[in-house]
1. Given R153, R192, R134, which one is at pLDDT below 95 and either under 17 Å from the mean Cα position of the chain (by Cα) or charged (D, E, K, R) (or both)?
2. Within the bounds of the stretch 59-74, is there any residue that is touching a Pro at 6+ places or on another chain (Cβ under 9 Å) and within 30 Å of V202 (Cα to Cα)?
3. For the stretch 91-105, which positions are more than 14 Å from P25 (Cβ to Cβ), assigned to a loop (DSSP other than H, G, I, E, B) and touching a residue at least 60 places away in the same chain (Cβ under 8 Å)?
4. Conditions: (1) crowded, with 16+ Cβ neighbours inside 10 Å; (2) touching a strand residue (DSSP E or B) at 6+ places or on another chain (Cβ under 6 Å). T189 meets all but one. Number of the miss?
5. Return yes when L124 is surrounded by 15 or more Cβ atoms within 10 Å (Cβ to Cβ) and in contact with a Leu (Cβ under 8 Å, 6 or more places away or on another chain) and no when it is not.
6. Condition first: surrounded by fewer than 12 Cβ atoms within 10 Å (Cβ to Cβ) and basic (K, R). Now tell me which residues in the stretch 92-120 satisfy that.
7. Name the strands (runs of 3 or more DSSP E) wholly inside the stretch 171-249 in which the number of residues that are charged (D, E, K, R) and closer than 20 Å to T149 by Cα is 1 or more.
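The values are calculated or read from the model by the stated rules, or taken from the named source; none is laboratory data. Note that the structure is predicted; figures quoted are calculated from it, not measured. Positions of Cβ are generated from backbone atoms using ideal geometry, with glycine treated the same way; all protein chains shown enter the neighbour counts.
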Amino acid sequence: MTSLSVLGIPVTGQQVERWLGYYCPGPQPFRTADLTQDQTQRVPTVDAVEVTDELRDTFFMYGGGPWTWLSENQHADLQPGLRTLLGAERRRRMHPKPAPAWPSDPMISAKLVRWMEAGARPSLHALARSELRRASAGPLPRAAELAGTFPARSGPNCFGAVMAAAGQSVEDDWIQLDQFQTWLDAATTPDRTRAGDEGGQVLVWRQDGDLAHAAVTLPGGWSLHKQSQSWSNPIGVWTTDEIISSWRLLGVRLSRYQLL
């Protein structure tokens, strides 16, 4: 495979092959809640499929079902009206990402890349090399190592990315809220000022009082964070202002903490 970049990050053929397994499995899930009982009875099914974290994040299987799994041939053989209804529900649920393709699609790799990049900002770590080196020599010893890396699977999240940049070996873990709060209490002190140029300020967002997201500042107005727990989201670098702006939401409050 020729050189390929996804979200501003060079990737390997091995990564793409692994992602294709997450992105375009054989049987695919369709939500049938909008169908009438008669329509539901006309939808064939395959044997139950284990819903992995990767499938859940690819197909946005959050919240309630019911779900049915269809092979590519079964989907093609549906009555046009049923296929339209199932496709419309999937598009609404997955917006702004397009619906995943089927494995037989000759443009499957290109569609995978477009899917991963839809609704996501490319990482700008290539523009912050010197700031990453400065941070790694100071409060964030692993920042340069981790910036611009994809996880091997779903699970690793924003809280683990911040802790890992600060030196913990948790970049592959799904860090729970209580774990992050314990680390935050032990490793930081509250800071009411805007981030200084040295970096190392942990930005924490709470929604209705509950932990919702975290990032950590680098020198020069940059910050490092992971957008979500999905396999398709890297640990990346963006401007601090754009990250803060993206979390200006009703009921969400930003707090700042300085690493000790």
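1. Only one candidate passes the filter, namely R192.
2. Scanning the stretch 59-74 turns up no residue that is touching a Pro at 6+ places or on another chain (Cβ under 9 Å) and within 30 Å of V202 (Cα to Cα).
3. none
4. (1)
5. Spelling it out, it is not the case that L124 is surrounded by 15 or more Cβ atoms within 10 Å (Cβ to Cβ) and in contact with a Leu (Cβ under 8 Å, 6 or more places away or on another chain).
6. Selection gives R92 alone.
7. Filter on the stretch 171-249 gives 222-226.
Quick grid of which residues meet (1) touching a Gly at 6+ places or on another chain (Cβ under 6 Å); (2) of a type outside the set (S, T, Y); (3) crowded, with 16+ Cβ neighbours inside 10 Å:
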| position | (1), (2), (3) |
| --- | --- |
| Q207 | yes, yes, no |
| L218 | yes, yes, yes |
| T240 | yes, no, yes |
| S245 | no, no, no |
